[in-house]
Amino acid sequence: MTENEKKLPFVAQAVPFLIGCLIFGPIGLVILLFMWRRLERDKRIIYLIAALFFTLLDVLDYFTDGLLYYLV
């Protein structure tokens, strides 16, 4: 572990962050918002891509369920 990883809270480390995104996508965006200045530039981009991907999956799931409900 590097010095910066030791300073990060538990939820901002890689594995807990990805588990939180997997359970509920937008939680990753909230964590990223609060930890933005503490993260290095390279990690910011990776975390942002992961959070946006899981959020997009959640949003598509909500919209497709709603569309199928109204069309049927």
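If you plug the beta carbon distance of residue 53 and residue 33 into 1/(1 + (r/R0)^6) with R0 = 22 Å, you get a FRET efficiency near 0.85.
Placing pseudo-labels 7 Å out from each Cα toward the beta carbon at residue 7 and residue 22 gives an inter-label distance of 2.9 nm.
Read the figures in this text as sums done on the coordinates, not as results from a lab. All values reported here derive from a predicted model rather than from experimental measurement. Cβ sites come from the backbone with ideal geometry, for glycine too, and all protein chains shown count toward neighbours.
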